[in-house]
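Peer 1: Mind having a look at this structure? Questions to follow.
The values are calculated or read from the model by the stated rules, or taken from the named source; none is laboratory data. Nothing here was measured: the structure is a model prediction, and the numbers come from that model. Glycine gets a Cβ as well: all are built from the backbone with ideal geometry, and neighbour counts include every protein chain shown.
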Amino acid sequence: MNAPLNIVIIGGIGAGMSVAAKAKREKPDAHITVIEREDYISFGACGLPYYLGQQFDDPAYMFARTPAEIEKSGIQLLLQTEAIQLHFDQKQVEIRSLLTQEVSKIPYDRLVIATGASPQQLDLAGVSAKNLYLHTKLRDVEVLKSDLHKYQHITVIGGGFIGVEVADQLTALGKKVTILQGGAHIMQGPFDTEFSEKIEKALSKERIKIRLGEVVTGLKVVDNSIQSVMTTDEHLPTDAVVVAIGFRPNTEFITDPRLKKLPNGAIIINQYGETSIPDVFSAGDCATVPHRQLGNSYLPLATYANKLGRLIGTNVVSTRESYLAFPGALGSSLLKVGQYECGSTGLTEKMALDAGISHKTTLIETPNHTNYYRGQVTLTIKLVYDPKTKVLLGAQIFGKKDAALRLHALSIAIHAGITTDELGFIDLGYAPPFTTTWEAINIAANTAK
């Protein structure tokens, strides 16, 4: 009788628990061990800005599973335990208990690395000040929530997803918020400049100040409290600082050069979730994501952690000939700013230029629904497409109402390789409260020449 398959998963927050749960369903007799530094699992950090903004009060909503539920399913949890070294040749993980400091080794048949990422910190004196906050763990946000009553002016450093969402929620609580962005515009990763400017205007309507092209050069700290933020332009007085300047994959402990990584430390995987080491898989914010158009990319988004986790959960208990293949990401993302919604999928114009991909674009403004139904607003849509084949390559959308979820249809069109000619006549639903006779997506596609 064969011994049960021994699977070890490092990381139990997003991708790791998706792997564990799916693998246990696929192969109930597998022995699955999850190693996690924290004392909790299955946490959805995407909800943190909205918890801060009092959109909901119970943090339990951000936990998909409890340790007790997982252990009841037969999965072994090693909480408050960290992996300190991987011995690929011996197929062993060296671990240390954060409670006892005891070091031991556990064997594996197949290993999954799902160690996530840590927020990047400013490389400046003063980052340990009591009024400087990161925004990736519940305990960080709990401290900020409890301190908010002391602050009126808050500076957010970083104009990406977290920075914008936090700023939006803080201003809704009546705080005076300034976003500092070192680049020419905020949200320049998933959006072209036209849309970044619209997002900036939407933030300004919420009374959020945006300072672009200002690099933080120092922090003025008095009695362990930041009094002002120094930039390349001036000193900005502040009551508190939230830092949201990106992520660093938690892979420094893996020193074996045979495990291939991107320059930022993200573990490179293939369409099956495999790494360059036999019997070792990886997913989540510590790993790359196979992109349909750009190849392996670093896309630290919860949707990919969960999807690749589920896929690896099947593959890790299967023979290679029956592995599932990830169909590829498009970098699809959505954002809400005040009364406005926006989204991006596939290639932006800048991405296409950087990748040397031949392209054309069209940019339109069109109503969301008929003029005789109350609440009509303008939608802005940009399409990026191949100039020869007219195959859709990317799309961006912005508007006050009914904008964001239209992105789903555009993502499907890109995934399927639909041309703008087809998209112009594709049968999208119509009723006066929802759209005009020609749906906005049809109209945008029909302007592609």
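Peer 1: Quickly run through region 407-449 and pick out the residues that are within 17 Å of residue 347 (Cα to Cα) and touching a Ser or Thr at 6+ places or on another chain (Cβ under 7 Å).
Peer 2: Correct list: 407, 410, 411, 414, 419, 444, 445, 448.
Peer 1: Pull up region 50-91, narrow it to residues that are among the β-branched types (Val, Ile, Thr) and surrounded by fewer than 14 Cβ atoms within 10 Å (Cβ to Cβ), then point me to the one that is farthest from residue 103 (Cα to Cα). Lay out the reasoning, then the answer.
Peer 2: As a first pass, look at region 50-91 and keep what is among the β-branched types (Val, Ile, Thr): 66, 70, 75, 81, 84.
Among the residues that remain, those that are also surrounded by fewer than 14 Cβ atoms within 10 Å (Cβ to Cβ) are: 66, 84.
Details: 66: 26, 84: 9 Å.
It comes out as 66.
Peer 1: Related question: Is it the case that some residue within region 92-104 is touching a helix residue (DSSP H, G or I) at 6+ places or on another chain (Cβ under 8 Å), aliphatic (A, V, I, L, M), assigned to a loop (DSSP other than H, G, I, E, B) and assigned by TED's automatic domain parsing to the domain that holds residue 18? Before the answer, list the steps.
Peer 2: Initially, region 92-104 is screened for residues touching a helix residue (DSSP H, G or I) at 6+ places or on another chain (Cβ under 8 Å), giving none.
No - not one qualifying residue is present in region 92-104.
Peer 1: Can you pull out the strands (runs of 3 or more DSSP E) entirely within region 288-340 that have at least 2 residues that are of a type outside the set (Lys, Arg) and farther than 30 Å from residue 400 by Cβ?
Peer 2: Working: elements: 289-291, 295-297, 333-337.
In region 288-340, the matching strands (runs of 3 or more DSSP E) lie at 289-291, 295-297.
This table checks each residue for (1) buried (at least 24 other Cβ atoms within 10 Å of the Cβ); (2) out of contact with any strand residue (DSSP E or B) (no Cβ under 7 Å at 6 or more places or on another chain); (3) assigned to a helix (DSSP H, G or I).
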| residue | (1), (2), (3) |
| --- | --- |
| 3 | no, yes, no |
| 8 | yes, no, no |
| 16 | yes, no, yes |
| 19 | yes, no, yes |
| 23 | yes, no, yes |
| 28 | no, yes, no |
| 34 | yes, no, no |
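Peer 1: Out of everything in region 359-378 that is over 20 Å from residue 444 (Cβ atoms) and not aromatic (Phe, Trp, Tyr), what residue ends up being surrounded by the most Cβ atoms within 10 Å (Cβ to Cβ)?
Peer 2: Here the answer is 375.
Peer 1: Still on this structure, I have one more. Considering only residues of region 283-315 that are under 22 Å from residue 20 (Cβ atoms) and hydroxyl-bearing (Ser, Thr, Tyr), which is surrounded by the fewest Cβ atoms within 10 Å (Cβ to Cβ)?
Peer 2: 303
Peer 1: Tell me which helices (runs of 4 or more DSSP H) are completely within region 364-449 and hold 3 or more residues being over 16 Å from residue 332 (Cβ atoms) and not aliphatic (A, V, I, L, M), or say none if there are none. So that I can check it myself, show each step before the final result.
Peer 2: Details: elements: 406-416, 420-425, 440-446.
The qualifying helices (runs of 4 or more DSSP H) are 420-425.
Peer 1: Right, another one. Of all residues in region 199-224 being loosely packed, with under 15 Cβ neighbours inside 10 Å and touching a residue at least 12 places away in the same chain (Cβ under 8 Å), which is nearest to residue 184 (Cα to Cα)?
Peer 2: In this case the residue turns out to be 213.
Peer 1: Which pairs turn up if I take residues in region 8-28 that are on the phi < 0 side of the Ramachandran plot and look for partners that are assigned to a strand (DSSP E or B) and among the basic types (Lys, Arg) with beta carbon separation below 8 Å, at least 6 apart in sequence or on another chain?
Peer 2: Final answer for the pair search is 8/110.
Peer 1: Which one is nearest to residue 316 (Cα to Cα) among residues in region 104-152 that are of a type in the set (Val, Ile, Thr) and surrounded by 19 or more Cβ atoms within 10 Å (Cβ to Cβ)?
Peer 2: Residues of region 104-152 that are of a type in the set (Val, Ile, Thr), as a first pass: 106, 112-113, 115, 127, 136, 141, 143.
Applying the additional criterion that residues be surrounded by 19 or more Cβ atoms within 10 Å (Cβ to Cβ) yields 112-113, 115, 141.
Details: 112: 8, 113: 12, 115: 17, 141: 35 Å.
My answer is 112.
Peer 1: Run residue 196 past the list (1) surrounded by fewer than 21 Cβ atoms within 10 Å (Cβ to Cβ); (2) within 23 Å of residue 346 (Cα to Cα); (3) of a type in the set (S, T, N, Q) and report the number of the one that doesn't hold.
Peer 2: Looking at each condition in turn, residue 196 falls short on (1).
Peer 1: Inside region 196-225, can you point out the residues that are in a strand (DSSP E or B) and touching a Gly at 6+ places or on another chain (Cβ under 6 Å)? It would help to see each step written out before you state the result.
Peer 2: Filtering region 196-225 down to residues in a strand (DSSP E or B) leaves 209-212, 216-222, 225.
219, 221 - these are the residues of region 196-225 that are in a strand (DSSP E or B) and touching a Gly at 6+ places or on another chain (Cβ under 6 Å).
Peer 1: Of (1) modelled with pLDDT of 95 or more; (2) out of contact with any strand residue (DSSP E or B) (no Cβ under 6 Å at 6 or more places or on another chain), residue 93 satisfies all except one. Which?
Peer 2: For residue 93, the exception is condition (2).
Peer 1: While we're here: Residue 130 fails exactly one of the following numbered conditions: (1) over 15 Å from residue 46 (Cα atoms); (2) in a helix (DSSP H, G or I); (3) not small (Gly, Ala, Ser). What is the number of that condition?
Peer 2: (2)
Peer 1: Kindly indicate whether any position in region 348-355 is outside any strand (DSSP E or B), free of Cβ contacts under 8 Å to residues at least 40 places away in the same chain and of a type outside the set (Lys, Arg).
Peer 2: Keep residues of region 348-355 that are outside any strand (DSSP E or B), which gives 348-355.
Pick out the ones that are also free of Cβ contacts under 8 Å to residues at least 40 places away in the same chain and you get 353-354.
So of that shortlist, the ones also of a type outside the set (Lys, Arg) come out as 353-354.
Yes, region 348-355 contains at least one residue that is outside any strand (DSSP E or B), free of Cβ contacts under 8 Å to residues at least 40 places away in the same chain and of a type outside the set (Lys, Arg).
Peer 1: Restricting attention to region 58-72, report how many residues are in contact with a helix residue (DSSP H, G or I) (Cβ under 8 Å, 6 or more places away or on another chain), assigned to a loop (DSSP other than H, G, I, E, B) and modelled with pLDDT of 95 or more. Explain how you work it out, then say what you get.
Peer 2: Step one: of region 58-72, the residues in contact with a helix residue (DSSP H, G or I) (Cβ under 8 Å, 6 or more places away or on another chain) are 59, 61-62, 64-65, 70.
Imposing the further condition that a residue be assigned to a loop (DSSP other than H, G, I, E, B) reduces the set to 64-65.
Now drop any that are not modelled with pLDDT of 95 or more, which leaves none.
Residues that pass the stated criteria total 0.
Peer 1: Residues being closer than 22 Å to residue 331 by Cα and either buried (at least 24 other Cβ atoms within 10 Å of the Cβ) or not charged (D, E, K, R) (or both): count how many of those fall in region 155-180. Let's see the steps before the verdict.
Peer 2: Taking region 155-180 as the starting set, the residues that turn out to be closer than 22 Å to residue 331 by Cα are 158-166.
Now drop any that are not either buried (at least 24 other Cβ atoms within 10 Å of the Cβ) or not charged (D, E, K, R) (or both), which leaves 158-164, 166.
Residues meeting the conditions: 8.
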